[in-house]
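> Can you keep this structure in mind? I'll have questions shortly.
The values are calculated or read from the model by the stated rules, or taken from the named source; none is laboratory data. Values in this document were obtained by computation on a predicted structure and should not be read as measured data. In this analysis, Cβ positions are derived from the backbone assuming ideal geometry, glycine residues included, and neighbour counts consider all displayed protein chains.
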Amino acid sequence: MVKSLGADSVIDYTKDDFTKNGKQYDIIFDTVGKRLFSQYKNSLTKNGIYLSAVIDFRLFLQMIWTSLFGSKKAKSSATGMLPVQRRLEYFIDLKELLRMAKIKTVIDNCYPLLQVTEAHRYVEKGHKKGNVVITIN
Ligand SMILES: NC(=O)c1ccc[n+]([C@@H]2O[C@H](COP(=O)([O-])OP(=O)(O)OC[C@H]3O[C@@H](n4cnc5c(N)ncnc54)[C@H](OP(=O)(O)O)[C@@H]3O)[C@@H](O)[C@H]2O)c1
């Protein structure tokens, strides 16, 4: 599935630990936030950036620290924390990318509103592929 979205190569985290393959990367974009910046540091190139979609207090401190010291940086990005106007602009950009078929979406499952509890239970298992949709008729 990940290859069908455009990835050149894929590493299955249940079989291989990419932090132990000896390679270094300019950017590590952590979209699940299951590990710490310190665990990725050796896998970053000299001026590499660790970007996380999941922010917690420890990462917040590391972001401040790395903004002042060292060449490897920790950063985070949370769409939900952006001002409404900015989110609206992103939404319009996203709509355009979808219209041009430059972005592919993955829908794991759809649940009617009445089954929102089941939908939450499923998402909370932490293994959904793409998005779960609640349909409102
Ligand atoms: N910053 C933002 O704007 C933003 C926006 C949305 C969500 N988030 C946050 O991002 C996090 C992820 O959310 P999500 O919607 O993607 O749902 P999720 O349920 O946390 O992620 C599910 C996916 O993560 C994979 N996964 C689980 N453990 C993994 C690991 N140790 N290494 C690599 N992949 C792993 C699963 O693959 P398998 O099934 O193969 O295990 C599955 O494909 C949440 O903490 C959420 O709050 C942030």
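> Pick from region 39-58 the residues that are touching a Ser or Thr at 6+ places or on another chain (Cβ under 8 Å) and β-branched (Val, Ile, Thr): which of them is farthest from the ligand (Cβ to nearest atom)?
ILE55
> Counting just the residues of region 39-54 that are surrounded by fewer than 16 Cβ atoms within 10 Å (Cβ to Cβ) and in contact with a strand residue (DSSP E or B) (Cβ under 6 Å, 6 or more places away or on another chain), which one comes out nearest to TYR13 (Cα to Cα)? Give the steps one after another, and end with the answer.
Here is the first cut: in region 39-54, the residues surrounded by fewer than 16 Cβ atoms within 10 Å (Cβ to Cβ) are 39, 42, 45-47, 51, 53-54.
Next, only the ones that are in contact with a strand residue (DSSP E or B) (Cβ under 6 Å, 6 or more places away or on another chain) stay: 45, 51.
Values: THR45: 21, LEU51: 18 Å.
Checking each candidate, the answer is LEU51.
> Farther than 25 Å from SER4 by Cβ, among the small types (Gly, Ala, Ser) and over 16 Å from the mean Cα position of the chain (by Cα): does that describe GLY80?
Values: farther than 25 Å from SER4 by Cβ: yes; among the small types (Gly, Ala, Ser): yes; over 16 Å from the mean Cα position of the chain (by Cα): no.
Spelling it out, it is not the case that GLY80 is farther than 25 Å from SER4 by Cβ, among the small types (Gly, Ala, Ser) and over 16 Å from the mean Cα position of the chain (by Cα).
> For LYS15, are the conditions met, namely being in the same structural domain as SER77 (by TED's automatic domain parsing), in a loop (DSSP other than H, G, I, E, B) and modelled with pLDDT of 95 or more? Write out each step before concluding.
Numbers: in the same structural domain as SER77 (by TED's automatic domain parsing): yes; in a loop (DSSP other than H, G, I, E, B): yes; modelled with pLDDT of 95 or more: yes.
So LYS15 passes the test.
> Can you pull out every residue in region 101-120 that is part of a strand (DSSP E or B) and either exposed (fewer than 10 other Cβ atoms within 10 Å of the Cβ) or at positive phi (or both)? Even if it seems obvious, please write down each step before you answer.
Taking region 101-120 as the starting set, the residues that turn out to be part of a strand (DSSP E or B) are 107-112.
Listed by number, the list is empty, since nothing qualifies.
> Checking LEU36 against (1) away from the ligand (no atom under 14 Å from the Cβ); (2) among the hydrophobic types (A, V, I, L, M, F, W, C); (3) modelled with pLDDT under 95; (4) surrounded by 14 or more Cβ atoms within 10 Å (Cβ to Cβ), which test does it fail?
(1)
> If I ask for residues that are among the basic types (Lys, Arg), in contact with a Phe, Trp or Tyr (Cβ under 9 Å, 6 or more places away or on another chain) and in a loop (DSSP other than H, G, I, E, B), which ones from region 18-54 would you list? Give the steps one after another, and end with the answer.
Keep residues of region 18-54 that are among the basic types (Lys, Arg), which gives 20, 23, 34-35, 41, 46.
In the following step, the residues that additionally are in contact with a Phe, Trp or Tyr (Cβ under 9 Å, 6 or more places away or on another chain) were identified as 34, 41.
Hit for region 18-54 is LYS34, nothing else.
> Applying the selection to region 56-74, what residues are β-branched (Val, Ile, Thr) and buried (at least 16 other Cβ atoms within 10 Å of the Cβ)? Spell out the reasoning first.
First, pick out the residues of region 56-74 that are β-branched (Val, Ile, Thr): 64, 66.
Correct list: THR66 only.
> Which residue out of LEU68, LEU82, LEU94, LEU113 is farther than 22 Å from VAL32 by Cβ and either within 13 Å of the ligand (Cβ to nearest atom) or not assigned by TED's automatic domain parsing to the domain that holds TYR50 (or both)?
On the way: LEU68 fails: either within 13 Å of the ligand (Cβ to nearest atom) or not assigned by TED's automatic domain parsing to the domain that holds TYR50 (or both); LEU82 fails: farther than 22 Å from VAL32 by Cβ; LEU94 fails: farther than 22 Å from VAL32 by Cβ.
LEU113 is the lone residue from the list that is farther than 22 Å from VAL32 by Cβ and either within 13 Å of the ligand (Cβ to nearest atom) or not assigned by TED's automatic domain parsing to the domain that holds TYR50 (or both).
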